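What follows is a set of notes on a single structure, which appears directly below.
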Amino acid sequence: MFLFFIMISTVFISGCWSQKELNELAIISAMAIDKNEDGKYVKTIQFVNPGNVAGGLQGGGGGQGPAVTVYTATGDTILEAHINASAKVSRRLYHAHANLLVISEEVAREEGIDGIIDAFERDPEVRTESKIVIARDAKAGDIVKSLTSIDKVPSEKVNKTLLVTERARGENIVVSIQDFISVSASLGREPVISGFRIKGEPEKGKKMENVQQSELDATLEASGLAVFKEEKLIDWYEGDLAKGTMWILDKIQQTDVKVSWKGKKNAVVYNVIRQKTNVSADTKNTYPEMTIHVRAEGDIRELTTPVDITDPAVISDLEKEIEKEIKKQLEKAVTRTQKNNSDIFGFGEVVHRTDPEKWKKMKRDWDDEYFPYVNVNVKVDAFIRRTGLRTNSFHSNTEK
């Protein structure tokens, strides 16, 4: 009986009915969406050349050819453009390894990106962990056509740059398809997405010669935060605006804060090494009152003027100046965002958690009727933990 059941069970074994041979697949690493003059979608697909990635030097595959190949197709819909692209490739288009979606600024501004995201989310082969960026001042297709150094595959270059800038600079954010859907589905928060631009000459960036020299003619770089309202791009934040936004979103991991000292600008550079932001809401009045509390810890990393940092009183004064500068960044971001009527900070979500009943009355008109008039209080506590490998600067001991 035991042997009989074993033999019968083999009928239900699926075997290799869904096998996919590597030499039958065109592995997609990145996708870009633009629109042409006829209003059709232009889908640019970046494929990995496995042979060129596996061998040769870093940065485009050395002398063996580029690590990627790019094809472009058009269609009235995203799916039609994808199907039309299959006519140009001898292998089955395979999405499972795609990790980047680039959307043009023009498309994001004029029609929004909800329809585009929907098309990719419905495809069971597309990973929702794929990252999204907005092509700033450039065609989205040009972003994925640019060859890059160090990282052979351009999509890897973009994704790794996003991770590094989010961790070290505090002006960019890593957003996946799933992150965008999650935020967009919430009535109390609007999404932000990092921008990418081409620095240099885009046409030269598409050629192998671009990565066969020490200074590239064209390179990809992270550039600001794209602010959305109802899935449409409405503004760009850079510098202090971007940092202020990241502070409020509790996404700062490391960043620098420059403060003046005794009339000299940027005299002290404070490097944040850890921080925590808490946002709370008081819903007693008609318009909620938000309180943002930031606690930052960091080191002194640069002094351009003599400062006696062995004196505890001086350290205390420096901490106050740092707090003022961080507070200024947050208040600047809040003021601009309230003018945009787009709650990218998630204040609505905080109100919902604090007072669900009151939120029911506000949620439909939150962005336009309530959020712009919310009073926001910012409190910052900054602490200097270390001063680097020395205390006072060598400037302090120099006799003029």
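Between F120, H97, V107, whose Cα lies farthest towards the positive end of the dipole of the range 96-152 when Lys and Arg beta carbons carry +1 and Asp and Glu beta carbons carry -1, centred on the Cα centre?
H97
Could you rank the peptides 210-216, 149-155, 268-274, 34-40 by their average count of other C-beta atoms within 10 Å per residue, with the highest value first?
Sorting 210-216, 149-155, 268-274, 34-40 by mean packing, highest first, produces 149-155, 268-274, 210-216, 34-40.
Picking from Q253, L318, S29, whose Cα lies most toward the positive end of the charge dipole for the chain (charges on Cβ: Lys, Arg +1; Asp, Glu -1)?
The one lying farthest along the dipole's positive direction is L318.
As a quick test, which of the pairs K40/K199; K251/K276; K284/K358; K157/K199; K264/K320 have an alpha carbon distance above 20 angstrom in this structure?
Beyond 20 Å: K40/K199.
With the Cα gyration tensor of the range 196-354 giving a ≥ b ≥ c as the square roots of its eigenvalues, does the rule (a/c under 1.5 for rounded; else a/b larger than b/c for prolate; else oblate) give rounded, prolate or oblate?
oblate
Run through the DSSP bridge list for the chain and note the antiparallel percent, rounded to the nearest 5.
Antiparallel: roughly 65 percent of the beta bridges in the chain.
What span do the alpha-carbon atoms of the range 247-326 cover on each of the three principal axes, reported in whole Å from largest to smallest?
50, 23, 22
Considering only protein heavy atoms and a probe of 1.4 Å, how much of the accessible area of the chain is carbon and sulfur, as a whole percent?
48 percent
Give me the 1.4 Å probe accessible area per residue for the range 142-201, excluding ligands and nucleic acids, in Å².
That works out to 36 Å² for each residue.
Could you give the length gained on full extension between E331 and E369, defined as 0.36 nm per residue of separation minus the Cα-Cα distance, in nm?
Using 0.36 nm per residue and subtracting the Cα-Cα distance, I get 11.7 nm.
Whole angstrom only: what separates the Cα centroid of the range 334-393 from the Cα centroid of the range 231-280?
14 Å
If you find the alpha carbon centre of the range 69-98 and of the range 144-221, how far apart are they in angstrom?
For the range 69-98 versus the range 144-221, the Cα centre distance is 22 Å.
If you average 1/r over all unlike Cα pairs in the chain and invert the result, what Kirkwood radius do you get in angstrom?
One decimal place: 24.0 Å for the Kirkwood radius.
Restrict the search to the range 216-263; then list the GluC sites (Glu not before Pro) that DSSP places in a loop and that have at most 16 other Cβ atoms within 10 Å of their Cβ.
The qualifying sites are E230, E238.
The values are calculated or read from the model by the stated rules, or taken from the named source; none is laboratory data. Note that the structure is predicted; figures quoted are calculated from it, not measured. Every residue, glycine among them, receives a Cβ derived from its backbone with ideal geometry; neighbour counts consider all protein chains shown. These area figures cover heavy atoms from the full protein model, side chains too; ligands, DNA and RNA do not enter into them. Shrake-Rupley method; radii C 1.70, N 1.55, O 1.52, S 1.80 Å.
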